[in-house]
Structure formats: C-alpha cells, structure tokens
Amino acid sequence: LLRMRIVHRCINILRAEYDVAALEKERDNNLRERSSDDISSSDVLSPRGRKAGSKKPTDPEPSIAANPDFTAVEASRRSVYEEFFDTAWKQRRAFRTGTDALLSCRHLLGLREEQDLPFLNFVVGKAINEHPDNLELLLFQLVVLRFIHCDAKQAQEQEKKLLDKKGLMIDRAFHLYAVIRRARSVEVSSVAGQAVNQMEFDSKMTVARKSHQNCLSLIKKFFHLVLKKEKSGTVAYGRPSPTQIDNMVACVHKYESAVVDANAEYSWLMEKFPKSATVILSYAH
C-alpha cells in the first residue's frame, strides 16, 4: 500500500510537469503562428510583398501530448563535480529510487491507456535520466521500443549496449535473452505470415485469371457461332440453324456463370489485397 502511494505521488508530480510542458509548447506554437501571420500581413501591405490573400505556409510543431514518437534515452551518469556541487539534485528528482521509477513505468503501462503513450515516454525518459545505472529501467525501455513502438533500429542499438555491459546478474541476463528471443520469434512469424499471404494471393490470382480467360474465350466462341463462313472463306450472314442457336444459348449461360465466378474471385482479392496493383489492373480489364 505504501509503495502504491509513492507510485501515485510520482505519477501525479510528473503528470503536472508534463501538462505544464505541453501548455508551454502549445503557447510557443501559437506565438510562432501569430508572428508568421503578422509577417505575411505586412508583406501583403507592402508594395513588394506577395499578392493579397496569399498566406505563407507554416508547419507548426506538434505538442508533446500529440507526439507519441519515442526516442531511446541515453543513460549518462552525473559527474563527481555535479554530484558534489548540485546539492538540490535529490530534492528535484521525481523518483527517489530506481525501484519507484520502475514501478511507476510498469503501472502506467499496465493501465493500457493508448492515449497515455506520450506521457509514458516522458516518464521513461525522466526515470532513466534520474537513475541511469538501473538496468531494469533500461530493459523496460527495450521492451517499449521492441513491442510497443516497434522500432527495431533503436531496439537493436539498446540490445548491443546491454550485451556489452559486463557483470550482468543472471536474472537480468535471462530477461534480456527472453526479450531478444521473443523479438526474433515475432519477426519469424511475421515473415511466415507474409509467405502464407503470398501463396494465398498466387493461388487465388491464378483462379481469377483462369475465370477471366474463360469469359474471353466464351465471348470469342459466341461470335464465331454468330458468323457463318462459306466454303470459299468469305463470311456470310444467314439464318442460324437450330443447333447453332442451342450452342449460342449454352455459350451465353456458360459466360454468365464464368462472369459470376470471376467477380467472386476478384472481389475476394480486392477485399484482402486492396492496394495490389496487379489485382486492380486485372479487375479493371
């Protein structure tokens, strides 16, 4: 109970700090937009300015709360000089111990609030800055990079740094091994899923093309039945025989069935692979 109170206190302190930083960021963006608007309006009034009604395009930076991108925090230790002369450092820290920092990060992640991911990134960065020697925090950051933000490049860099550390305790070494092994299995399953999708795509595309070709063959056959050739090779238009009429009707029925089959296959492909250029072009033809 006492530990949870400490965790909630740390989270509330950081939440207030995070909200203040977000408000300051938003205020700076508003001031930047106003200044750019003033500059554009002065340009419109000046004889050498732009035409009236034209505005200079601006790309305001997103606020902290609207930016869920996560950059791995480098664990840098404070120098002896800083630790000696900065006497108020311990009072300014949000987390008194690395355990409080780790529990706060885990508590936030355990809430499973997707809109709180930017705040979680902020808390993780704050925790590592205050306790850079805590390997559990570095492992937690690795898990966040691997399985939440899916940033393989940064995760691999963190893995190399952790593997280079000497004297890892057996439990932390196993934790690191489990994270790396799980990441590899996820990558392998993803590749296997892509292979299965490719096989499914190829088989369905083959069936769709066969039905498509069948439709074209039946159209060609129908018009061959309509046209009657004489022995000399010239085409003569005459009244078809009852046998020809039966063959034409059968050809039409087969064509309608083939069109239904082709539409069904292409509809499935368009639903499963909506961005495939091959499917779109084949269906359009």
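The values are calculated or read from the model by the stated rules, or taken from the named source; none is laboratory data. Computed from a predicted structure; not experimentally measured. Cβ: placed from backbone, ideal geometry, glycine included. Neighbour counts: every protein chain shown. The area values use the complete protein model at the heavy-atom level, side chains included, leaving out ligands, DNA and RNA. Shrake-Rupley method; radii C 1.70, N 1.55, O 1.52, S 1.80 Å.
Determine whether ARG184 is open to solvent by 90 Å² or more (accessible area, probe 1.4 Å), modelled with pLDDT of 80 or more and among the charged types (D, E, K, R).
So ARG184 does not fit the description; no.
Give me the pairs: first residue in segment 13-29 and surrounded by 13 or more Cβ atoms within 10 Å (Cβ to Cβ), second residue at pLDDT below 85 and among the hydroxyl-bearing types (Ser, Thr, Tyr), beta-carbon distance under 8 Å, and six or more apart or on different chains, which are they?
These pairs meet every condition: ALA22/SER63; LYS25/SER63; GLU26/SER63; ASN29/SER63.
Which residues, taken from segment 158-172, are under 25 Å from LEU108 (Cα atoms) and either surrounded by fewer than 15 Cβ atoms within 10 Å (Cβ to Cβ) or in contact with a Lys or Arg (Cβ under 8 Å, 6 or more places away or on another chain) (or both)?
Residue satisfying the conditions is ASP171 alone.
Determine whether ALA192 is in a helix (DSSP H, G or I), surrounded by 10 or more Cβ atoms within 10 Å (Cβ to Cβ) and modelled with pLDDT under 80.
Against the criterion (in a helix (DSSP H, G or I), surrounded by 10 or more Cβ atoms within 10 Å (Cβ to Cβ) and modelled with pLDDT under 80), ALA192 qualifies.
Checking HIS212 against (1) at pLDDT 80 or above; (2) closer than 30 Å to MET270 by Cα; (3) open to solvent by 60 Å² or more (accessible area, probe 1.4 Å); (4) not hydrophobic (A, V, I, L, M, F, W, C): exactly one of these is not met. Which one?
All conditions are met except number (3).
Each row is one residue, and each column tells you yes or no for (1) exposed (fewer than 13 other Cβ atoms within 10 Å of the Cβ); (2) modelled with pLDDT of 85 or more; (3) among the polar types (S, T, N, Q).
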site: GLU200; (1), (2), (3): no, no, no
site: ARG239; (1), (2), (3): yes, no, no
site: ILE245; (1), (2), (3): yes, no, no
site: CYS251; (1), (2), (3): no, yes, no
site: PHE273; (1), (2), (3): no, no, no
